[in-house]
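Participant: So that we are looking at the same thing, I have put the structure below in structure tokens.
The values are calculated or read from the model by the stated rules, or taken from the named source; none is laboratory data. Computed from a prediction, not measured in an experiment: that's the story for all the values here. With ideal geometry, Cβ positions are generated from the backbone for all residues, glycine too; neighbour counts draw on all protein chains shown.
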Amino acid sequence: MHDHEPQSGRVERRPVSARESRAANGPDWDRYADEYQATHGAFLGDAGFVWGPEGHTEDELRVLGDVRGLDVLEVGSGAGQCSRWVRTHGGRGFGLDLSHRQLQHSLRLDEETGVRVPSVRGTATDLPFAAGSFDIVFCSFGALQFVAEIDRAVGEVARVLRPGGRFAFSVTHPTRWMFPDDPGEPGLTATQSYWDRTPYVEIDDASGVVSYVEHHRTLGDWVRLLAAHRFRLVDLVEPEWPEHHDRVWGGWSRTRGTLTPGTAIFVAHLQDTRDLPAG
């Protein structure tokens, strides 16, 4: 969940290479990590599991199911709040994040809570784990929106999951791409095409270097991508805005949230190749 504001540059919609995307988003999260944790840490909880700005928790939605005794990987783990929740509920939670500074915050919370989440610095497109290492892989507004090579990233998830394993992830609801990222009334008017997949790019004025990139996929893109990697989609959760929730987070707000979904949570199971039809 990134309520991102351009630091000192211009915004464009244009193609970027996977290398540009990765080189921009790691340092961006390093710069933003302290502010992010200071602003949202209490909302997320030191060992909490929030699926999106609407505030719905894993305790409420039960997207992952019973995690007791399971090996669980969080991709884009930040300060490890969700993985820490997994550990307090009997699972073996592990974290991976591109940002060194976010992982430093994870170590801080390890010390403060006494619940330690083993975490590594790495990328979603090259997970540093053996094949079949995990029962669950999940991502709560983590790496997937910021990855250019999304086919490779989902392929990596399939590789490290055990047959029958669960993959669950939340992203900005794809229909939000049509609207300005504004929590007020202007954010209710569609101004761009849902089918325009051109990345959102921020350019640093001083250096001319790409400083932040976010990628858009349609609902159909996600469904086809999962199917291509032997995943069977079992649920698509579109959390409604809670009645008494008034928190504004970037473009998420009550004004918009009571009318249109802000978050999509995909839930899929990895099929065993022996169970797939021939041909």
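Participant: Cβ-Cβ distance below 9 Å, separation of 6 or more or different chains: which pairs start in segment 225-239 with a residue that is part of a helix (DSSP H, G or I) and end on one that is among the aromatic types (Phe, Trp, Tyr)?
Facilitator: Going by the 9 Å Cβ cut-off, the qualifying pairs are Leu225/Phe231; Leu226/Phe167; Leu226/Phe266.
Participant: Name the one entry in Arg176, Arg254, Arg232, Arg166 that is surrounded by 16 or more Cβ atoms within 10 Å (Cβ to Cβ), among the basic types (Lys, Arg) and over 19 Å from the mean Cα position of the chain (by Cα).
Facilitator: Arg254
Participant: Same structure again: Sort out which residues of segment 155-204 are among the β-branched types (Val, Ile, Thr) and in contact with a strand residue (DSSP E or B) (Cβ under 8 Å, 6 or more places away or on another chain), and write them in order of number. Before the answer, list the steps.
Facilitator: First pass over segment 155-204, keeping only residues among the β-branched types (Val, Ile, Thr): 157, 160, 171-172, 175, 189, 191, 198, 201, 203.
Scanning segment 155-204 gives Val157, Val160, Val171, Thr172, Thr198, Val201, Ile203.
Quick grid of which residues meet (1) touching a Lys or Arg at 6+ places or on another chain (Cβ under 7 Å); (2) more than 26 Å from Arg247 (Cα to Cα); (3) buried (at least 23 other Cβ atoms within 10 Å of the Cβ):
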position: Ala47; (1), (2), (3): yes, no, no
position: Leu61; (1), (2), (3): no, no, no
position: Asp66; (1), (2), (3): no, yes, no
position: Gln81; (1), (2), (3): no, no, yes
position: Trp85; (1), (2), (3): no, no, yes
position: Gly91; (1), (2), (3): yes, yes, no
position: Gly95; (1), (2), (3): no, yes, yes
position: His105; (1), (2), (3): no, no, no
position: Gly114; (1), (2), (3): no, yes, no
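Participant: Considering (1) out of contact with any Phe, Trp or Tyr (no Cβ under 7 Å at 6 or more places or on another chain); (2) part of a helix (DSSP H, G or I), say which one Pro15 fails and leave the rest.
Facilitator: All conditions pass for Pro15, except number (2).
Participant: Being among the charged types (D, E, K, R) and modelled with pLDDT under 95 is true for just one of Asp204, Asp246, Asp221. Which residue is that?
Facilitator: Asp204
Participant: Restricting attention to segment 69-79, and to residues there that are crowded, with 22+ Cβ neighbours inside 10 Å and of a type in the set (Gly, Ala, Ser), which single residue is farthest from the chain's Cα centre (by Cα)?
Facilitator: Ala79
Participant: Quick one: which residue in Thr39, Thr57 is surrounded by 14 or more Cβ atoms within 10 Å (Cβ to Cβ), under 23 Å from Gly262 (Cβ atoms) and among the polar types (S, T, N, Q)?
Facilitator: Working: Thr39 fails: surrounded by 14 or more Cβ atoms within 10 Å (Cβ to Cβ).
Exactly one residue qualifies, and that residue is Thr57.
Participant: So, one more: Looking for something in a helix (DSSP H, G or I), of a type in the set (Gly, Ala, Ser) and more than 16 Å from Phe179 (Cα to Cα) - is there at least one such residue anywhere in segment 255-268?
Facilitator: So the first thing to find is which residues in segment 255-268 are in a helix (DSSP H, G or I), and the list is 255-257.
Retained after the next criterion (residues that are of a type in the set (Gly, Ala, Ser)): 257.
Now restrict to residues that are more than 16 Å from Phe179 (Cα to Cα): none.
No - not one qualifying residue is present in segment 255-268.
Participant: Looking at the structure I just gave you, is Glu54 in a helix (DSSP H, G or I), over 13 Å from Ile136 (Cβ atoms), modelled with pLDDT of 95 or more and not hydrophobic (A, V, I, L, M, F, W, C)?
Facilitator: So Glu54 does not fit the description; no.
Participant: For residues in segment 14-65 being free of Cβ contacts under 8 Å to residues at least 12 places away in the same chain and of a type in the set (Asp, Glu), which is nearest to His215 (Cα to Cα)?
Facilitator: So, considering only residues that are free of Cβ contacts under 8 Å to residues at least 12 places away in the same chain and of a type in the set (Asp, Glu), the one nearest to His215 (Cα to Cα) is Glu35.
Participant: Just give me the residues in segment 182-226 being surrounded by fewer than 17 Cβ atoms within 10 Å (Cβ to Cβ), over 21 Å from Arg22 (Cβ atoms) and within 19 Å of the chain's Cα centre (by Cα), in sequence order.
Facilitator: If the condition is that a residue be surrounded by fewer than 17 Cβ atoms within 10 Å (Cβ to Cβ), over 21 Å from Arg22 (Cβ atoms) and within 19 Å of the chain's Cα centre (by Cα), then Thr218, Leu219, Gly220, Val223, Arg224 are the ones that fit.
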